[in-house]
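A short write-up of the structure that comes next.
Just so you know, all these numbers are worked out from the coordinates, no wet-lab data involved. If you're wondering where the values come from, they're calculated on a predicted model, not measured in any experiment. Here the Cβ positions follow ideal geometry from the backbone for every residue, glycine too, while neighbour counts run over all protein chains shown.
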Amino acid sequence: MTLPSLFLAHGAPDLPFSRTPARAFTEGLGARYPDLRAILVISAHWEDRVNTIGIAPHPETIHDFGGFDPALYNLRYPARTDPAVIDEVAAALTAAGVPHARDGRRGYDHGVWIPLLLAFPQAEVPVIQLSLRHGASARENFALGQALAPLREQGVLIIGSGATVHNLRGIGREGSPPPDWARAFDNWIVQGVTRGDAETLLSFPQVPAEARIAHPTPEHLMPLYVAMGAGGGQGEVLHRSFSWGSIGMTSFAFGAAA
């Protein structure tokens, strides 16, 4: 069976302790995908000079944030990697002519372990992280996803982890309504994904007008393009909500049925 590729919004680091629709959605996600061979995550929180594969056998849980409930820093996600799958990721990149490297020390950042802690709490499925390339465009990340697409036929669930809207200067209290610009940008993403209008979406950040407000820096949207490329361009909405006012928690499945 060919797996879909997913784009998941990982939200603020306190997602595991929140009482939000996004948490409930993420907790129920793992049951949709039993018997996975491995999970490959491309997170907004790891950019490197080339696309880099984390190869540590048991990556540490990185608490790459500050100012939250002390209990959050006690959480761990003790997943392992898989050498065979790492080699397959590398082979897929090589076949597509994508320069890449390996990092034997990198742990899982919160863009990886926060959603997986909720969706796959037993940490039984091997998890490999692949970095974004710093400065890569939406189109280049779409091509990266296309390079990774064959892994979907090998039991590997490809997940891009970011946010449809990510403006930390615009956050409010949890549960506060999103600003008009946040809704407008999220709508633009949803319309493009569900119509399979990759060309329009690949014009980010030049359009739409709200782009640079929704994403003062682009890294949280780039995993969407990887997931979109891996899944063939058209997707369906799995979940829509906002967290802290201006964090878009919309998530998608691309390709095979969700």
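Quick notes on this structure:
- Sparsely packed GluC sites (Glu not before Pro) within segment 4-77, loop by DSSP, other Cβ within 10 Å at most 15: Glu60
- Per-residue [θ]222 nm for the chain (sum of -39500 (n - 2.57) over DSSP H runs n ≥ 4, rounded to 500): -8500 deg cm²/dmol
- Cut-off 14 Å between beta-carbons: net charge of the residues surrounding Leu157, Lys and Arg +1, Asp and Glu -1: -2
- Spatial separation of Cα centroids for segment 182-258 and segment 19-64, in angstrom: 18
- Debye intensity ratio I(q)/I(0), log10, segment 5-254, q values 0.16 Å⁻¹ (C-alpha model): -1.16
- Global form of segment 96-212, assessed from the alpha-carbon gyration tensor, a/c cut-off 1.5: oblate
- Considering only beta bridges that DSSP places wholly inside segment 1-156, some 10 percent are antiparallel.
- Considering only Leu144, Ala90, Trp244, the residue lying farthest towards the positive end of the dipole of segment 5-254 is Trp244, judged by Cα position with unit charges set on Cβ.
- Residues Ser18 and Arg169, FRET efficiency given R0 of 35 Å [Cβ-Cβ distance, rounded to 0.05]: 0.95
- Taking other C-beta atoms within 10 Å as the exposure proxy, Asp48, Asp82 rank Asp48, Asp82 from fewest upward.
- Residue with peak Gaussian network fluctuation, the chain [Cα springs, cutoff 10 Å], from His166, His110, His63: His63
- Placing dummy labels 7 Å off each Cα toward the beta-carbon, the span from Glu153 to Tyr73 is 4.8 nm.
- Choice from Ile189, Ile213, Ile114 with maximal GNM fluctuation in the chain (Cα, 10 Å cutoff): Ile213
- Cα centre as origin, Lys/Arg/Asp/Glu Cβ charges: the chain dipole, Debye: 160
- Around the Cα centre of segment 56-143, unit charges on the Cβ atoms of Lys, Arg, Asp and Glu (plus for the first two, minus for the last two) sum to a dipole of about 160 debye.
- Gaussian network model of the chain, Cα within-10 Å springs - most flexible of Ser246, Ser161, Ser176: Ser176
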